[in-house]
């Protein structure tokens, strides 16, 4: 069964350092989502791509976060510089343009010290 | 505006008990979709069910059942004869199409989740 791949699974970094997360969606899925999930809360959308275009990045802290999906396939989410409050689980999901069912990857758990 | 409320923060039951997880939503759209996801300790969200706003038929899948009632804007989830493996956080989500022709995909918001503990 096809799955969404994410790496790394865990990342520990010091504040003010740069971190990057990678996501490879299910083949053929045009829509890709990055969510941030703080402990004890539901996932919150950071950015949504339709192919290589950004559909929604209204909740992305653009002063330090960036996301790209250059060829409309895999995607990278970067934080620079990381802050203590960025400690969270970062989830990637993918889906087709016609349905809204999202399939999630295993997530990257980020700890900022 | 979209909103999903899961009023139950934590529920604890003994194995074999039935348990219902509540979900109440708000939306102005007439076409929308509702979901339940399971998040085990490993962290990955697992898709359980999708229901569109025009289909109020209840659904049963094994020990899982869902009760969708538009009149009360609720989409509740019941686990019958709970098992220890059901212990997880369960999220309800609401999705609406972006744009008239759904050209921008869907916008989804999640509730805060309900943590279910099933004790042996």
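Using a Förster radius of 45 Å, what is the FRET efficiency between residue B:5 and residue A:22 based on their Cβ-Cβ separation? Nearest 0.05, please.
E between residue B:5 and residue A:22, to the nearest 0.05, is 0.85.
Using Cα-Cα distances under 8 Å and only pairs 6 or more residues apart, what relative contact order does chain A have, in percent? Don't skip to the end; give the middle numbers.
On the way: 290 pairs, mean separation 42.3, N = 113.
In percent, rounded to a whole number, it is 37.
Can you tell me the FRET efficiency between residue B:46 and residue B:117 if r is taken as the Cβ-Cβ distance and R0 is 22 Å, rounded to the nearest 0.05?
My answer for the efficiency is 0.80.
Across peptide B:46-58, what mean number of C-beta atoms from other chains lies inside 10 Å of a residue's C-beta? Can you show the working numbers first?
Working: counts 2, 6, 0, 1, 4, 0, 2, 0, 0, 0, 0, 0, 0.
Other-chain Cβ atoms within 10 Å of each residue's Cβ, averaged: 1.
What does DSSP give for the protein assembly as shown in terms of the percent of beta bridges that are antiparallel, rounded to the nearest 5? Intermediate results must be reported in sequence, preceding the final value.
Values: 70 of 79 bridges.
Rounded to the nearest five, the antiparallel share is 90 percent.
From the square roots a ≥ b ≥ c of the eigenvalues of the alpha-carbon gyration tensor of the stretch B:30-118, which class results: rounded (a/c under 1.5), prolate (a/b over b/c), or oblate?
oblate
Less than 18 Å from a label point 7 Å out along the Cα-to-Cβ axis of residue B:31: which backbone N atoms in the stretch A:87-106 qualify, by residue?
Zone members listed by number: A:96-102.
What is the distance in Å between the Cα centroid of the stretch B:1-28 and that of the stretch B:50-120?
One Cα centre to the other: 9 Å.
Per residue of A:44-56, count partner chain C-beta atoms within 10 Å of its C-beta, then hand back the mean as an integer.
Across A:44-56, the average partner-chain Cβ count within 10 Å equals 2.
Is the shape of the protein assembly as shown best called rounded, prolate or oblate, per the rule: a/c under 1.5 gives rounded, else a/b larger than b/c gives prolate, else oblate, with a ≥ b ≥ c the square roots of the Cα gyration tensor eigenvalues?
Verdict is oblate for the protein assembly as shown.
Shielding by partners for A:102-112, please: the mean number of other protein chain Cβ atoms within 10 Å of each residue's Cβ.
Per-residue shielding by partner chains comes out at 3.
If the elastic network links every pair of Cα atoms under 10 Å, which of B:31, B:80, B:20 fluctuates the most in the Gaussian network model of chain B?
Sorting by GNM fluctuation, first place goes to B:31.
Please list B:53-66, A:63-76, A:100-113 highest first by mean number of surrounding beta-carbon atoms within 10 Å per residue.
Details: B:53-66: 12.5, A:63-76: 15.2, A:100-113: 20.3.
The most tightly packed comes first, giving A:100-113, A:63-76, B:53-66.
Rank-order A:88-99, A:6-17 by packing density, defined as the average count of other C-beta atoms within 10 Å over each peptide's residues, highest first.
Packing order, densest peptide first, comes out as A:88-99, A:6-17.
For residue B:18 and residue B:54, what is the calculated FRET efficiency with R₀ set at 25 Å and r taken between the beta-carbons, to the nearest 0.05?
The computed FRET efficiency comes out at 0.30.
Every number in this text was worked out from the coordinates using simple rules, so none of it is lab data. Note that the coordinates shown come from a computational prediction; the quantities given were computed from them, not determined experimentally. We place every Cβ from the backbone using ideal geometry, glycine too, and count neighbours over all the protein chains shown.
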